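Peer 1: The structure's right below; bear with me while I get my questions together.
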DNA sequence: TGGGGTACGCACCTTTTGGTAAGTTGTGAT
DNA sequence: ATCACAACTTACCAAAAGGTGCGTACCCCA
């Protein structure tokens with residue numbers, strides 16, 4: 001047997017509690033949220049916004065080598081998750097500003113220590 | 001103009017400090033580390049091992065619907081990162097146990113609050 | 001008159017990620 | 001004699017993520 005078992009089979013006789021149950025089961029909505037905030041671009045956008053609200057073009061140039069498509073996509077999913085708010089003024093060079101909502105600030109506060117740990121650990125490893 | 005600019009161009013006149021510099025530049029080794037620990041399977045494996053060392057087969061059945069290929073691959077990269085250690089005894093049903101190293105415990109301690117936040121936030125959202 | 005900035009959306013293509021199924025080695029059970 | 005388990009590896013294929021380039025609308029500047 002080498003096939004991957006179904007969710008039902010796995011839940012049926014689960015060997016590990018995995019932090020108290022279904023939090024880590026694959027269809028849990030919190031899993032999607034985690035993907036959004038720890039994803040390659042989501043994390044960068046959140047951290048960039050942790051320094052204060054920024055315009056589209058600031059994010060575009062400030063985040064190393066992000067494509068316009070990915071920036072737009074990332075901002076839209078973070079907005080849908082309620083972590084980022086979009087403030088658009090209908091002026092004639094369009095002016096759109098993005099910033100963190102309260103929940104956005106919360107996650108970012110959890111993400112920054114992770115970045116710091118990664119920086120320190122990878123630095124101490126390469127010596 | 002819509003092409004993605006190169007790293008050099010971006011670093012040339014960077015608008016955002018982004019948490020003090022090159023930590024978030026795309027070739028930084030800490031970025032790879034973050035991908036490994038927050039990736040879909042890396043996170044699950046680390047959390048599963050946070051409850052104590054487990055055998056291959058326990059992880060295989062305990063983590064919801066992971067394929068053997070992905071489990072092996074994830075364990076090997078986490079081992080290469082120094083976050084997981086592999087304890088294999090050459091007995092005749094092979095016995096291999098995986099556990100967290102000290103740095104592995106450190107990251108996992110940072111990851112768990114993130115999972116808890118995601119669980120609470122997604123729960124409170126859907127009401 | 002033409003080029004550039006601002007904030008995107010869309011279509012196409014490549015790269016990466018992940019799943020499926022099969023093979024491996026040795027032993028003990030049926 | 002064959003099946004199953006343990007802990008994997010490999011080859012092949014599908015799906016998802018991501019990049020490139022183009023188009024939009026409006027204006028300002030030279």
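The values are calculated or read from the model by the stated rules, or taken from the named source; none is laboratory data. From a predicted model like this one, the values you see are computed outputs, not experimental measurements. Positions of Cβ are backbone-derived with ideal geometry, glycine not excepted, and every protein chain shown enters the neighbour counts.
Peer 1: Tell me the residue from A:35, A:55 that is within 13 Å of DNA strand C (Cβ to nearest atom), within 20 Å of residue B:116 (Cβ to Cβ) and at pLDDT 90 or above, please.
Peer 2: On the way: A:55 fails: within 20 Å of residue B:116 (Cβ to Cβ).
Every option except A:35 fails the conditions.
Peer 1: Also: When residue A:104 is evaluated against the numbered criteria (1) more than 10 Å from chain B (Cβ to nearest Cβ); (2) over 23 Å from residue A:57 (Cα atoms), which criterion, by number, is the only one it fails?
Peer 2: Residue A:104 satisfies all of (1) more than 10 Å from chain B (Cβ to nearest Cβ); (2) over 23 Å from residue A:57 (Cα atoms) except (2).
Peer 1: Give segment B:89-108 a look and list any residue that's in contact with a helix residue (DSSP H, G or I) (Cβ under 6 Å, 6 or more places away or on another chain) and within 14 Å of DNA strand C (Cβ to nearest atom), or say none.
Peer 2: B:96
Peer 1: Looking at this structure, is residue B:86 more than 10 Å from every other protein chain (Cβ to nearest Cβ) and more than 14 Å from DNA strand C (Cβ to nearest atom)?
Peer 2: On the way: more than 10 Å from every other protein chain (Cβ to nearest Cβ): yes; more than 14 Å from DNA strand C (Cβ to nearest atom): yes.
Answer is yes for this residue.
Peer 1: Looking for whichever is assigned to a loop (DSSP other than H, G, I, E, B) and more than 12 Å from the chain's Cα centre (by Cα) here; the options are B:119, B:52, B:99. Which one fits? Can you show your working first?
Peer 2: Details: B:119 fails: assigned to a loop (DSSP other than H, G, I, E, B); B:99 fails: assigned to a loop (DSSP other than H, G, I, E, B).
Every option except B:52 fails the conditions.
Peer 1: Being in contact (Cβ under 8 Å) with a residue 24 or more places away in the chain, over 15 Å from residue A:34 (Cα atoms) and under 16 Å from the mean Cα position of the chain (by Cα), is that true of even one residue in segment B:82-90?
Peer 2: Narrowing segment B:82-90 to residues in contact (Cβ under 8 Å) with a residue 24 or more places away in the chain: B:83-84, B:87.
Subset that is over 15 Å from residue A:34 (Cα atoms): B:83-84, B:87.
Filter once more, so that each one left must be under 16 Å from the mean Cα position of the chain (by Cα): B:83-84.
Yes: segment B:82-90 contains one or more residues that are in contact (Cβ under 8 Å) with a residue 24 or more places away in the chain, over 15 Å from residue A:34 (Cα atoms) and under 16 Å from the mean Cα position of the chain (by Cα).
Peer 1: Looking at the structure I just gave you, is residue B:122 within 25 Å of residue A:65 (Cβ to Cβ) and either in contact (Cβ under 8 Å) with a residue 40 or more places away in the chain or touching a helix residue (DSSP H, G or I) at 6+ places or on another chain (Cβ under 7 Å) (or both)?
Peer 2: Working: within 25 Å of residue A:65 (Cβ to Cβ): no; either in contact (Cβ under 8 Å) with a residue 40 or more places away in the chain or touching a helix residue (DSSP H, G or I) at 6+ places or on another chain (Cβ under 7 Å) (or both): yes.
The answer is no for residue B:122.
Peer 1: Considering only residues of segment A:40-49 that are within 8 Å of chain B (Cβ to nearest Cβ) and in contact (Cβ under 8 Å) with a residue 12 or more places away in the chain, which is nearest to the chain's Cα centre (by Cα)?
Peer 2: Keep residues of segment A:40-49 that are within 8 Å of chain B (Cβ to nearest Cβ), which gives A:40, A:43-44, A:47-48.
Among the residues that remain, those that are also in contact (Cβ under 8 Å) with a residue 12 or more places away in the chain are: A:43-44, A:47-48.
Details: A:43: 4, A:44: 8, A:47: 9, A:48: 12 Å.
It comes out as A:43.
Peer 1: Follow-up question, since we're still on this one. Does residue A:10 satisfy the condition of being modelled with pLDDT under 90, closer than 18 Å to residue B:61 by Cβ, within 7 Å of another protein chain (Cβ to nearest Cβ) and crowded, with 17+ Cβ neighbours inside 10 Å? First the steps, then the outcome.
Peer 2: Details: modelled with pLDDT under 90: yes; closer than 18 Å to residue B:61 by Cβ: yes; within 7 Å of another protein chain (Cβ to nearest Cβ): yes; crowded, with 17+ Cβ neighbours inside 10 Å: yes.
Here the answer is yes, as residue A:10 does meet what is asked.
Peer 1: Which one of the conditions (1) modelled with pLDDT under 90; (2) more than 26 Å from residue A:36 (Cβ to Cβ) does residue B:65 fail to meet, given that it meets all the rest?
Peer 2: It fails just one condition, (2).
Peer 1: Of the residues in segment A:80-95, how many are surrounded by 19 or more Cβ atoms within 10 Å (Cβ to Cβ) and assigned to a loop (DSSP other than H, G, I, E, B)? Don't jump to the end; show me each part of the working.
Peer 2: Of the residues in segment A:80-95, the ones surrounded by 19 or more Cβ atoms within 10 Å (Cβ to Cβ) are A:81, A:83-84.
Retained after the next criterion (residues that are assigned to a loop (DSSP other than H, G, I, E, B)): A:81, A:83.
The total comes to 2.
Peer 1: Moving to a separate point now. For segment B:62-79, give me each residue that is surrounded by fewer than 20 Cβ atoms within 10 Å (Cβ to Cβ) and more than 14 Å from DNA strand C (Cβ to nearest atom).
Peer 2: Once the filter is applied, which keeps residues that are surrounded by fewer than 20 Cβ atoms within 10 Å (Cβ to Cβ) and more than 14 Å from DNA strand C (Cβ to nearest atom), segment B:62-79 yields only B:79.
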